[in-house]
Amino acid sequence: MKKYIIQILVIVLLVGVIVAAQLAPYGTSRLFDMLKIGKHATIRELRDFNVEDTASVDRIFMVDKENNIVDLTQRQDGRWFVNDKYPVRNNSIELLMKTLHRMRIKTPVAKAAEENILKDLATKSVKVEVYSDEELLKTIYIGGVTQNQLGTYALLEGSNRPFVIEIPGFRGYLSSRFNTNPVKWRSTKIFLFDESQIDRIDVEVGKKPHESFAIDVKGQNSYELFGPDGQEAVKFDTLSVRRFVKEFNNKYHSRFVIGKTQEQIDSVYSSSLFYRYNVTLNTGNNVELSLHRLNTYEDENTEKEDIFKVSHLHGVINQNTWVLVQTHLFATMFKELGDFKPQF
């Protein structure tokens, strides 16, 4: 008799746990979620928002409900590109990877708000697909922020249960890290070349065309200097030339000027020129940057030294990308042919 009593108690206990699981809200415990019966059942894979091995991730595809697309892909050399066209900012891709790795469930969405949150996710979310070697690892829908702005609504593909996610220890929301504007991902680098990558540098001095020059890089610390007429300078300060070539190793612009037509960009490109740099690489590619004064500072008689009265200049990269550059960051590149005369 005692044996049957124990069995009955065990059965009653199991039934009690199952009943409790049906009544308890989702997220109370993983065991309760697994014991739930019916179409609302949630399994472990539908709760794991983070990506454990981000080192293996080589593609992140994001699209919003307005069909704005950001396709981040990693090439064999390790560099990331957005929409297979432009290099990605290193700090942006690093932040996204850290977010994917660290984000966790903060709390389930309250049952009363679940329907509204699901509707919002269906109409306003960003779909994020994470790949490794062409294998889809995870699809996440990133929604809006909670009322206190300390959490982000999210849903995993195949799940019917939204959650509030967070990064433990971080006070804020995560939705801004899944931006679907390609411009926000583009690197602001203009020149980031080692001397060994450069074949030639052509420099046009806008107001003093007779001071324009070109440098051929023949090897390490080996250069040829040419004037505007193409005639080689017999004597020049090699150290000064070397320092100038080194300037093309680390130059960035401040920001893109977006929403402009090619006609508007052409108008800037054809305006009064301050400096133009054209770097020819040994790969056969070249990068051109032309600098132009801002409209508020168009004095035709302005000398080179007076340009520092303004903080920024217009820049046009390869005749098709309009940017702003900080004047002081390019100060050491405002050189003329006469600046390379021998010091003795």
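The values are calculated or read from the model by the stated rules, or taken from the named source; none is laboratory data. Bear in mind that the values here come from a model prediction, so they are computed numbers and not experimental data. Cβ sites come from the backbone with ideal geometry, for glycine too, and all protein chains shown count toward neighbours. We work out accessible area using only protein heavy atoms, side chains counted, and drop any ligands, DNA or RNA first. Shrake-Rupley method; radii C 1.70, N 1.55, O 1.52, S 1.80 Å.
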**Request:** Scan the range 174-230 for residues that are among the hydrophobic types (A, V, I, L, M, F, W, C) and in a strand (DSSP E or B) and report the count.
**Result:** 12
**Item:** Within the range 259-282, considering residues that are surrounded by fewer than 16 Cβ atoms within 10 Å (Cβ to Cβ) and closer than 30 Å to residue 196 by Cα, the one farthest from the chain's Cα centre (by Cα)
**Value:** 282
**Message:** Kindly evaluate residue 106 against the criterion of being under 16 Å from residue 172 (Cβ atoms), open to solvent by 60 Å² or more (accessible area, probe 1.4 Å) and either aromatic (Phe, Trp, Tyr) or in a strand (DSSP E or B) (or both).
**Reply:** yes
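Would you please name the residue that is surrounded by the most Cβ atoms within 10 Å (Cβ to Cβ), looking only at residues in the range 330-344 that are of a type outside the set (A, V, I, L, M, F, W, C) and assigned to a helix (DSSP H, G or I)? Give the derivation first.
Pass one, the range 330-344, residues of a type outside the set (A, V, I, L, M, F, W, C): 332, 335-336, 338-339, 341-343.
Now restrict to residues that are assigned to a helix (DSSP H, G or I): 332, 338-339.
Numbers: 332: 12, 338: 10, 339: 14.
If we take residues in the range 330-344 being of a type outside the set (A, V, I, L, M, F, W, C) and assigned to a helix (DSSP H, G or I), then 339 is surrounded by the most Cβ atoms within 10 Å (Cβ to Cβ).
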**Prompt:** With respect to the numbered conditions (1) exposed (fewer than 14 other Cβ atoms within 10 Å of the Cβ); (2) in contact with a strand residue (DSSP E or B) (Cβ under 9 Å, 6 or more places away or on another chain); (3) at pLDDT 90 or above, which one is the sole condition not fulfilled by residue 311?
**Reply:** (3)
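Yes or no: residue 171 in contact (Cβ under 8 Å) with a residue 12 or more places away in the chain, part of a strand (DSSP E or B), among the charged types (D, E, K, R) and open to solvent by 20 Å² or more (accessible area, probe 1.4 Å)?
Details: in contact (Cβ under 8 Å) with a residue 12 or more places away in the chain: yes; part of a strand (DSSP E or B): no; among the charged types (D, E, K, R): yes; open to solvent by 20 Å² or more (accessible area, probe 1.4 Å): yes.
Criteria not met by residue 171.
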**Item:** Lone unmet requirement of (1) under 24 Å from residue 196 (Cβ atoms); (2) touching a helix residue (DSSP H, G or I) at 6+ places or on another chain (Cβ under 9 Å) for residue 254
**Value:** (1)
**Request:** Take residue 248 and decide whether it is touching a Phe, Trp or Tyr at 6+ places or on another chain (Cβ under 6 Å), part of a helix (DSSP H, G or I), in contact (Cβ under 8 Å) with a residue 24 or more places away in the chain and within 18 Å of residue 280 (Cα to Cα).
**Result:** yes
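Of everything in the range 49-91, what is charged (D, E, K, R), in contact with a Lys or Arg (Cβ under 8 Å, 6 or more places away or on another chain) and open to solvent by less than 80 Å² (accessible area, probe 1.4 Å)? Give them in sequence order. Spell out the reasoning first.
As a first pass, look at the range 49-91 and keep what is charged (D, E, K, R): 52-53, 58-59, 64-66, 71, 75, 77, 79, 84-85, 89.
This time we only want the ones that are in contact with a Lys or Arg (Cβ under 8 Å, 6 or more places away or on another chain), so: 64-65, 71, 89.
Listed by number, the residues that qualify are 64, 71, 89.
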**Request:** Could you pull out the residue among 63, 70, 130 that is of a type in the set (A, V, I, L, M), closer than 23 Å to residue 168 by Cα and assigned to a strand (DSSP E or B)?
**Result:** 130
**Complete:** Condition set among the β-branched types (Val, Ile, Thr) and not in a strand (DSSP E or B), scope the range 143-168, selection surrounded by the most Cβ atoms within 10 Å (Cβ to Cβ): answer is 167
**Request:** Just name the residue that is farthest from residue 164 (Cα to Cα) out of those in the range 92-103 that are aliphatic (A, V, I, L, M) and surrounded by 13 or more Cβ atoms within 10 Å (Cβ to Cβ).
**Result:** 93
**Request:** Can you give me the number of residues within the range 167-201 that are aliphatic (A, V, I, L, M) and closer than 30 Å to residue 226 by Cα?
**Result:** 4
